[in-house]
Amino acid sequence: MAKSKTSRAPRLELTHRPRRLRMNPILRGMVEETRLDARDFIYPMFICEGKKLRAEVPSMPGVHRQSVDMALKEIEDALNLGVRSVIFFGIPDSKDALGSGAYSAKGIVQRGVAAAKKAFGQDLLVVTDVCLCEYTDHGHCAPVRGGEVVNDWGVALHCRTAVSHAAAGADVVAPSDMMDGRVGAIRVALDETGFLNVPILAYSAKYASAFYGPFRDAADSAPQFGDRRSYQMDPPNAEEALREVALDVDEGADIVMVKPALPYLDVIRRVKDAFSVPVAAYNVSGEYAMIKAAARLGWLDHDRAMMECLTSIKRAGASVILTYFAKEAAKLLKR
């Protein structure tokens, strides 16, 4: 019986076969263009008053509001996984119109910083969020007068907050309020009080995003009236982001941040290409919650989706990634 003409697969005469570098998993790893490392991550933590308190945030499975003693245990776990940096967000017991808990020497973040540095010293990089929204009874990032968020008054209070964090031992301060001129003012305030070597990680291009909802549940920081569109950036704007970053760099920012990350990968890349300072990106609460929810419903593979998203952020140009996935991703990277 004659052999069928289709029994042998046809072979193309190709010079280039990109699949050759994909066939072997060891070779695939050798030629990876973008590699995640646990050292890329800053792990956001919510610390509150009290002792032995640890409550999961319903909209952020795996993320907790916790007292300082419990936070120290989680930091130890993170360090063992290779995550060497955290950023503290404070949840005070009381709030007022001026957010005085943000800059109190006895504030929750100040005490958390001191405890973390005492416990872990130089093994841990402690970053602090410098903002008033968690501490004001109206939920805005600066004082309010006549229904208007007052920029310069807010800057003055953020300077006090940054200095108090540095005095407590913070390694890096991160102003997130988006008030005009705050980076330069904070730089002067730090220098004048002897903290010349404390870097500023500026939330330089922070958008008025729908992806912050779970964070506001965790930090109890939703505005009590209006919204934050008068000071956070309008999502359609990318050129404006470059202007904002340029201003912060000129004012002394050591690292600049784009927030959120995934809807603004194009902005991360443009910032990376335009400036010679390190770029950070915040993989925010809504991005985290979406993957958690979809995975619970069986709609996607949690670990693959998590790592794909984090890799995309680094590939876009971020050398520092703030992410609630830090411990889970670090565990996979250790394999």
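The values are calculated or read from the model by the stated rules, or taken from the named source; none is laboratory data. These numbers were taken from a predicted model, which means no experiment stands behind them. Neighbour counts run over all protein chains shown; Cβ positions are idealised from the backbone, glycine included. The area values use the complete protein model at the heavy-atom level, side chains included, leaving out ligands, DNA and RNA. Shrake-Rupley method; radii C 1.70, N 1.55, O 1.52, S 1.80 Å.
Just to be sure, is GLY121 free of Cβ contacts under 8 Å to residues at least 24 places away in the same chain and open to solvent by less than 30 Å² (accessible area, probe 1.4 Å)?
yes
Just checking, which of ARG228, ARG335 is in a loop (DSSP other than H, G, I, E, B), open to solvent by less than 20 Å² (accessible area, probe 1.4 Å) and either modelled with pLDDT under 95 or aliphatic (A, V, I, L, M) (or both)?
After applying the criteria, what remains is ARG228.
Quick test of your reading of the structure: PRO61 fulfils all but one of (1) within 24 Å of LEU332 (Cα to Cα); (2) touching a strand residue (DSSP E or B) at 6+ places or on another chain (Cβ under 6 Å). Name the failing condition by number.
Of everything listed in (1) within 24 Å of LEU332 (Cα to Cα); (2) touching a strand residue (DSSP E or B) at 6+ places or on another chain (Cβ under 6 Å), PRO61 misses just condition (2).
Report whether or not ILE91 is among the hydrophobic types (A, V, I, L, M, F, W, C) and closer than 16 Å to LEU124 by Cβ.
When the stated conditions are applied, ILE91 does not pass them.
Being out of contact with any Pro (no Cβ under 6 Å at 6 or more places or on another chain) and within 18 Å of ASN283 (Cα to Cα) is the requirement here; does ARG17 meet it?
no
For segment 270-284, what are the residues that are outside any strand (DSSP E or B) and either surrounded by fewer than 18 Cβ atoms within 10 Å (Cβ to Cβ) or of a type outside the set (D, E, K, R) (or both)?
Selection gives VAL271, ASP273, ALA274, PHE275, SER276, VAL277, PRO278, VAL284.
List pairs: first residue in segment 129-149 and open to solvent by 20 Å² or more (accessible area, probe 1.4 Å), second residue part of a loop (DSSP other than H, G, I, E, B) and hydroxyl-bearing (Ser, Thr, Tyr) anywhere in the structure, Cβ distance under 9 angstrom, at least six positions apart or on different chains.
What qualifies is ASP137/SER94; GLU148/SER230; VAL149/SER230; VAL149/TYR231.
Here is a yes/no grid of residues against (1) closer than 19 Å to PHE46 by Cα; (2) in a helix (DSSP H, G or I); (3) aromatic (Phe, Trp, Tyr); (4) open to solvent by 40 Å² or more (accessible area, probe 1.4 Å):
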{"position": "TYR288", "(1), (2), (3), (4)": "yes, yes, yes, no"}
{"position": "ILE291", "(1), (2), (3), (4)": "no, yes, no, no"}
{"position": "TRP299", "(1), (2), (3), (4)": "no, no, yes, yes"}
{"position": "MET306", "(1), (2), (3), (4)": "no, yes, no, no"}
{"position": "SER312", "(1), (2), (3), (4)": "no, yes, no, no"}
{"position": "LEU322", "(1), (2), (3), (4)": "yes, no, no, no"}
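On the given criteria, is SER85 closer than 30 Å to GLU308 by Cβ, buried (at least 19 other Cβ atoms within 10 Å of the Cβ), in contact (Cβ under 8 Å) with a residue 24 or more places away in the chain and out of contact with any Phe, Trp or Tyr (no Cβ under 6 Å at 6 or more places or on another chain)?
Spelling it out, SER85 is indeed closer than 30 Å to GLU308 by Cβ, buried (at least 19 other Cβ atoms within 10 Å of the Cβ), in contact (Cβ under 8 Å) with a residue 24 or more places away in the chain and out of contact with any Phe, Trp or Tyr (no Cβ under 6 Å at 6 or more places or on another chain).
Any idea which of VAL267, VAL258, VAL249 is open to solvent by 30 Å² or more (accessible area, probe 1.4 Å), of a type in the set (Val, Ile, Thr), out of contact with any Leu (no Cβ under 8 Å at 6 or more places or on another chain) and closer than 27 Å to ARG84 by Cα? Walk me through it before giving the result.
Details: VAL267 fails: open to solvent by 30 Å² or more (accessible area, probe 1.4 Å); VAL258 fails: open to solvent by 30 Å² or more (accessible area, probe 1.4 Å).
Unique residue meeting the criteria: VAL249.
Restricted to segment 192-204, and to residues that are open to solvent by less than 60 Å² (accessible area, probe 1.4 Å) and either in a helix (DSSP H, G or I) or in contact (Cβ under 8 Å) with a residue 24 or more places away in the chain (or both), which residue is farthest from GLY169 (Cα to Cα)?
SER204
Can you find a residue that is in contact with a strand residue (DSSP E or B) (Cβ under 6 Å, 6 or more places away or on another chain) and either surrounded by fewer than 23 Cβ atoms within 10 Å (Cβ to Cβ) or polar (S, T, N, Q) (or both) anywhere in segment 29-36?
No, every residue in segment 29-36 fails to be in contact with a strand residue (DSSP E or B) (Cβ under 6 Å, 6 or more places away or on another chain) and either surrounded by fewer than 23 Cβ atoms within 10 Å (Cβ to Cβ) or polar (S, T, N, Q) (or both).
Kindly indicate whether VAL183 is surrounded by fewer than 22 Cβ atoms within 10 Å (Cβ to Cβ), touching a residue at least 40 places away in the same chain (Cβ under 8 Å), among the β-branched types (Val, Ile, Thr) and in contact with a Leu (Cβ under 9 Å, 6 or more places away or on another chain).
On the way: surrounded by fewer than 22 Cβ atoms within 10 Å (Cβ to Cβ): no; touching a residue at least 40 places away in the same chain (Cβ under 8 Å): yes; among the β-branched types (Val, Ile, Thr): yes; in contact with a Leu (Cβ under 9 Å, 6 or more places away or on another chain): yes.
For VAL183, the condition - surrounded by fewer than 22 Cβ atoms within 10 Å (Cβ to Cβ), touching a residue at least 40 places away in the same chain (Cβ under 8 Å), among the β-branched types (Val, Ile, Thr) and in contact with a Leu (Cβ under 9 Å, 6 or more places away or on another chain) - is not met.
Tell me whether segment 253-269 contains one or more residues that are without any contact (Cβ under 8 Å) to a residue 60 or more places away in the chain, of a type in the set (Gly, Ala, Ser) and farther than 18 Å from ALA208 by Cα.
No, because not a single residue in segment 253-269 is without any contact (Cβ under 8 Å) to a residue 60 or more places away in the chain, of a type in the set (Gly, Ala, Ser) and farther than 18 Å from ALA208 by Cα.
When the residues of segment 42-57 are narrowed to those that are of a type in the set (A, V, I, L, M) and surrounded by 16 or more Cβ atoms within 10 Å (Cβ to Cβ), which ends up farthest from PHE215 (Cα to Cα)? Write out each step before concluding.
As a first pass, look at segment 42-57 and keep what is of a type in the set (A, V, I, L, M): 42, 45, 47, 53, 55, 57.
Then keep just the ones that are surrounded by 16 or more Cβ atoms within 10 Å (Cβ to Cβ); that gives 42, 45, 47, 53, 57.
Values: ILE42: 16, MET45: 11, ILE47: 13, LEU53: 19, VAL57: 9 Å.
My answer is LEU53.
Quick test of your reading of the structure: ALA38 fulfils all but one of (1) touching a residue at least 40 places away in the same chain (Cβ under 8 Å); (2) under 23 Å from ILE200 (Cβ atoms). Name the failing condition by number.
Against the list (1) touching a residue at least 40 places away in the same chain (Cβ under 8 Å); (2) under 23 Å from ILE200 (Cβ atoms), ALA38 comes up short only on (2).
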